[in-house]
Amino acid sequence: MSMDYVIVGGSAAGVTCAQTLRKHDKKSNITVISDEVFPLYSRCLLTYLLAGSIEEDKLYFKDKNFYKDNNIKLYLCKRAVSIDRKQKKVSLKDKTKVSYDKLMLATGASPKLVDVPGIDKKGVFTVRKIDDARSIMKMLDRVKKIAVLGGGLIGLRDAYALSQRQKEVTVVVKSPQVLSQMVDMQAARIIASVLEKNGIKIMTGVAAGEITGKEFVEGILLDNGGKLQCQMVIIGKGVKANTELASSCGLKVEEGIVVDEFLRTSDENIFAAGDCAQTYDIAREANRINALWPCAVEQGEIAALNMLGKKIAYDGSLSMNSVDFFGLACISMGITRPKKEEDYEIISQAKGDVYKKFILKENRIVGMVLVGDIKAAGIISALIRNKIDVSSIKHLLLEDTFNYAKIMPLVRKFQERFKQEEYKDTVITY
Amino acid sequence: MAKDLLQKKKTKDIKIYCDITKCVGCKSCELACAVEHSQTKNIFTALREKTLPKKRVRAENVSSKIISLHCQHCEDAPCIKACMSGALSKDEKTGATLHDKDKCVGCWMCVMVCPFGAIVRDVENHIAVKCDLCPDREDFACVVACPTGALFVGTKEEFEKKIKQKKKG
C-alpha cells in the first residue's frame, strides 16, 4: 500500500527519518517541508564556518543530491503553519496543503533570547541558521570587540569561533562557572583557563542589563554596574523546543512535544523526534529534551521505523557533549553535577589539564566528565547506556590505559545487555 | 597470501579479527598501521615526516591476555549516527565504515560514542582517524605484519570456522 509520509523539518531528525523511510519503502511518497533557505546543512558546523575553518560547501551532511536520489519531495523555504488532524493535512504559510497518512514533527529548536533593552539593535545575533552565520560574517570587518552572552556550550562555541577571526571576545556568564549544564566546577576552571590563555575574556557571575548604542551596538551595561564596549553581541544562551505547530493542533506538549516509547505523540499518526521532542533519558531515568545531533539522528530513525509500523521501542537518549577549544578536548555525559552528591559515588582525579570524573550510583556509571584525555568516552557511554555493574573494573577507570580490553570480562558476563552484534565478535576467542 | 587478501577487499562484511590466544602484544600491528598511514609508507622516512603517522589499531591487555583491537565496522554504527559533518558513512557494497578526512572537523562526536574506543584523535591535523582497511594496498598492513598469526581478515563466519578448526587440530 502506498502511503503519504510527511516530515516537517529538514535537519538531523527529519532527514534521517526520510532516509530510513525510503530505505524500507521504495514506493510511498515522502515529503520533507523545511523553512530553511539551504538544504542539508549541518547546524553544528555553523561555528566552524564562522571560525573560517570551513567553507559553505562543506556544510552538507548528506550528498547534495540526497532528495533527488531518494525520490523525496522537498519543500524548501516553506513554513508549516498548521495541522488539520481530522483531514490529515499540513498547511503551509503560502496556503499549500499537504496530505499525510503519517506525519513526523522534527521542528527543532530556536535560540533562547534574553530580555534586555536594546536587543533589537543592529549587531545583535544568535547563531542557529545559515542566515545568522552569513549576516555575522558580512558585518565582521567592521567589528573589533564582541560580547557573547552565555557561557554554556553554545556561547563558548560562538566565542571560540569568533576569536579565530582575531576579534576581542568577552563572554558574559551569569553562573559562577562556564558550561554549568555540562561539567562541574573543576572541569569548568580548566576549560576557562585555556580560553583565557588564548585571549578570550570570561566574566562570571554577571549578566547584561542593557545593550547600548544608537542604530548599531556600541556596548553593554552589566548588572554589576560595569560597562563593556563592543560592536557586536552574540546571544548564546541555549535553545528551546519549537512546539508551536504541535500545540496549535492540540498535541500534548510540555517542555517539548510529549512522545511515548515509539516516539508517537498524543496522535497515533503523528510522531516527533529531535530537538523538539521530549524523550526518555537513560541516565536520569526521566523524560527530558536532549537537543543533540546524535540523539536527533537516533530518534529520526526509530520514529521512521514506527511510522512504517514496525513497533520498535526507543531505548532512550543520553545527554552528551563534546567540545574542543584550542586543542583541549572535553566530553561529558549523563549526570555530571548531581544535586545530592551524597547519593552518588564519585571517582575523580586531576593531573594538570587532564581531569576525569565518574559519577556512579549503585555501582553503575550514570555520568562522566573527561577533560584532556577523552579516548575512553565511547566505552564509558556504552557502560552507562547498558547500565552495567562496574564494581569489578572501578579501580581501572582513572588509569591512562583504560580501554576496551578492560571491559571485555563484563562483555562476557553481561552478554544479554551488550546487545550490539559486534561485541560478540570481539570475544570469540576470549 | 597477498592475492588471497586482495580478493578479500571486495568481499562484504570483512573486518580484522584477533585470536586472543595467539596475540603476544608485540605491537607489530600498531607499527605497521602507522607506517601504512604515513606519507612515505616507509618506517625510516615516516619517522622524519612533519607529523608522526598515527596508528589506528591498539594492542590492549585484558587480564593476562592481549587483544589487538580495530574498528569493528559496526553494521549499525553509532559513529555514523553521531557524525554531524557527514565525514563518516557506510560503504553499502562492502559494509565498511568509511571516514572522509576532508569532511572531518575534529568534533570528536565519534570518539564520544564508539563502544570500542576504536576511533582516535589526530591532534596535529585535528581530525579523527580509524581503521580504513588499508585502501592504498592490496593486503592489510597489520595482518601481514602479525608474526604470530593472531590477526585474521575475513567475515565472521570465516573467522569462526578457522577457530573451530584450530580447536580440532
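What follows draws every value from the coordinates through simple rules; no lab data is involved. Note that the coordinates shown come from a computational prediction; the quantities given were computed from them, not determined experimentally. Here the Cβ is made from the backbone with ideal geometry for all residues, glycine too, and neighbour counts use every protein chain on show.
Quick notes on this structure:
- Directionally averaged shadow of segment B:74-130, computed from the convex hull of its alpha-carbon atoms, nm²: 3.5 nm²
- The angle between the Cα long axis of helix B:156-168 and the main principal axis of chain B comes to about 30°, on a 0 to 90 degree scale.
- Across B:Lys93/B:Lys166; A:Lys419/B:Lys156; A:Lys240/A:Lys310; A:Lys167/A:Lys237, pairs whose alpha-carbon gap is larger than 22 Å: B:Lys93/B:Lys166; A:Lys240/A:Lys310
- In terms of its C-alpha gyration tensor, segment B:1-131 comes out rounded, because the ratio a/c of the largest to the smallest axis stays below 1.5.
- Taking other residues whose beta carbon is less than 14 angstrom from the beta carbon of A:Lys167, and scoring Lys, Arg as +1 and Asp, Glu as -1, yields +2.
- In order along segment B:4-18, the Karplus-derived 3J(HN,Hα) couplings, from 6.51 cos²θ - 1.76 cosθ + 1.60 at θ = phi - 60°, round to 4, 5, 4, 4, 4, 4, 8, 7, 7, 6, 8, 7, 9, 10, 10 Hz, and Gly and Pro are given as x.
- Average beta-carbon neighbours from other chains, 10 Å sphere, peptide A:42-49: 3
- Each Lys or Arg adds one and each Asp or Glu subtracts one; over the other residues with Cβ under 13 Å from the Cβ of B:Lys164, this totals +2.
- 3J(HN,Hα) from dihedral phi, segment A:101-115, Karplus parametrisation 6.51/-1.76/1.60, rounded to Hz, x for glycine, proline: 9, 10, 10, 10, 9, 10, 7, x, 9, 10, x, 6, 9, 10, 9
- Note on B:36-44: average number of Cβ atoms from other chains within 10 Å of each residue's Cβ is 0.
- Electrostatic bookkeeping for A:Glu55 treats Lys and Arg as +1 and Asp and Glu as -1; over the other residues with beta carbon under 13 Å from its beta carbon, the sum is 0.
- Per-residue ellipticity at 222 nm computed for chain A from its helices equals -7000 deg cm²/dmol, with DSSP H segments shorter than 4 residues left out and the rest contributing -39,500 (n - 2.57).
- Binning the C-alpha pair distances of the protein assembly as shown at 20 Å intervals from 0 yields a P(r) profile of 19, 51, 28, 2, 0 %, listed from the shortest bin outward.
- Based on the convex hull around the alpha carbon atoms, segment A:124-237 presents an average projected area of 6.7 nm².
- The alpha-carbon of A:Lys197 sits under 16 angstrom from the alpha-carbons of these aspartates and glutamates, leaving out residues fewer than 8 places away in its chain: A:Glu168, A:Asp324, A:Asp353.
- Summarising the strand pairing of the protein assembly as shown, around 65 percent of its internal DSSP beta bridges are antiparallel.
- Kirkwood Rh and Cα Rg combined as Rg over Rh, evaluated for segment A:8-161: 1.03
- Between A:Ser317 and A:Tyr280, A:Asp281, A:Ile282, the built amide H atoms are under 5 Å apart, and every one of these is 5 or more places off in sequence or on another chain.
- Distant-in-sequence amide H partners of A:Val171 (H built 1.01 Å from N, under 5 Å): A:Val148, A:Lys201, A:Ile202, A:Met203
- Averaging 1/r over every pair of different alpha carbons in segment B:54-169 and inverting the result gives a Kirkwood radius of 15.6 Å.
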